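Following: one structure in structure tokens, then a few remarks.
Throughout, read-outs are computed from the coordinates displayed, never taken from laboratory work. All values reported here derive from a predicted model rather than from experimental measurement. Note that we place each Cβ from the backbone using ideal geometry, even for glycine, and neighbour counts take in every protein chain shown.
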Amino acid sequence: MRDRVRQLRVTILADNLAAGGEGVLAEHGLSLLVEADGQSLLFDVGQSGIVLGNAARLGLDLTRAHSVVLSHGHYDHTGALPLLLAALGPKEIIAHPALFQGKYARRRRAKPRPIGFPGGRDALAERGAALNLDAEPRALLPGVMTSGEIARTTDFETIPAYFAVRAGRGMRKDEFADEQALAIRTRKGLVVLVGCSHRGVVNALRHAAALTGEERIHAVIGGTHLGPASDEQVERTIEEFENLGVERVVACHCTGFRAAARLAEALGDRFDPGGVGYQFKA
Ligand SMILES: [Fe+2]
Ligand SMILES: [Fe+2]
């Protein structure tokens, strides 16, 4: 990918906290609006549809978004999709083919809880969505591309065993083949958007850098899933942010309070907790 985005703005439309904007709402979920040189797309849509009201309150027009990219199949990133399509009309949906696998959370002695996309493929087809399912990286706009399947190259980023997918009559551990990041080349370097970072935020950054040939990572924005991570993983992640030269870390959604506090302590002004209404420009 050789193009660069000249003007980038990323707005958080759904997140676990609200940063600002009169009357905006928060939920457990994530949605980012990407505006790049006059074109826009959505990266994830949150779970309940608050993106619609939040966008209106922030003065943003979602009808102009030309596509929706989904980071992975969990309900807190995909749940609002049928509602969104009903409100905005048909959109192109870009995701990994494994996105519609039945996804579950398995806790000891409890019944597995479904946490995948609640609507099913048919709910999207009924609303005229064009499903573009691809395991490979895909260029979306000049300077903007999906990661494809994220390579796992770190030795300290692990996936909790309680995430599962349906396999035949039983279940197996979810390895998150469906997880994708969004890589955006800007004049300041690479901006990487992550949904939940189930395969590890450092894996996502390394993968995006290798894919684009971009050495400078300007920023990472999204969920880092450091909430349930060990102290060691949090410390190694901070070390790797430094090794990769990451200038800005906007870690929100599933980052967790404890990890966010540690990131703030280690990174100072380079860290921001995001929140609905937060805007990032590059
Ligand atoms: Fe997730
Ligand atoms: Fe999530």
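Brief remarks on what is shown
- Dipole orientation for the chain: of the candidates VAL250, PHE43, PRO118, PRO118 has the Cα lying most toward the positive pole (charges on Cβ; Lys, Arg +1; Asp, Glu -1).
- Summed over qualifying helices (DSSP H, 4 residues or more, each -39500 (n - 2.57)) and divided by its residue number, the chain shows a 222 nm mean residue ellipticity of -6500 deg cm²/dmol.
- Inter-centroid distance (Cα atoms) of segment 153-183 relative to segment 76-128, Å: 16
- Table column - 3J(HN,Hα) (Hz), segment 198-209, Karplus curve with 6.51, -1.76, 1.60, x for Gly and Pro: 4, 8, x, 5, 6, 4, 5, 5, 4, 5, 5, 5
- Dipole of segment 8-281, positive end: most advanced residue of ALA266, VAL69, LEU81 [Cβ charges, Cα centre]: LEU81
- Cα gyration tensor category, rounded, prolate or oblate, for the chain with a/c compared to 1.5: rounded
- Segment 172-282 - charge dipole about Cα centre, Lys and Arg +1 at Cβ, Asp and Glu -1, debye rounded to 20: 360
- Taken one residue at a time, the phi angles of segment 93-109 give Karplus couplings (6.51, -1.76, 1.60, θ = phi - 60°) of 10, 10, 7, 7, x, 7, 4, 8, 4, x, 10, 9, 10, 10, 10, 3, 6 Hz. Gly and Pro are set to x.
- Note on segment 1-20 and segment 229-277: Cα centroid distance 17 Å, given to the nearest whole angstrom.
- In terms of the mean number of neighbouring beta-carbon atoms within 10 Å, the peptides 235-244, 200-209 order highest first as 200-209, 235-244.
- For GLU92, distant residues with modelled amide H under 5 Å away: VAL68, ALA130
- Legend: calculated FRET efficiency, ARG106 to GLU126, from the Cβ-Cβ distance at R0 = 25 Å, rounded to 0.05, equals 0.25.
- Counting only DSSP beta bridges whose two residues both lie in the chain, roughly 60 percent are antiparallel.
- Spin-label pair ARG258-ARG166: with each label point 7 Å from Cα along the Cα-Cβ axis, the two points sit 3.4 nm from one another.
- For segment 8-281, averaging the sequence separation of C-alpha pairs within contact (under 8 Å, six or more residues apart) and dividing by the residue count gives a relative contact order of 19 percent.
- Computed from point charges on the beta carbon alone (+1 for Lys and Arg, -1 for Asp and Glu), the dipole magnitude for segment 22-165 about its Cα centre is near 840 Debye.
- Residues SER31, SER67, SER40, sorted so that the one with the fewest Cβ neighbours within 10 Å comes first: SER67, SER40, SER31
- Charge dipole magnitude, Cβ of K and R +1, D and E -1 - segment 8-281, Cα centre, debye nearest 20: 840
- Ranked ASP231, ASP44, criterion: other C-beta atoms within 10 Å, fewest first: ASP231, ASP44
- Note on LYS188: lysines with a C-alpha under 25 Å away, same-chain residues under 8 apart excluded, are LYS281.
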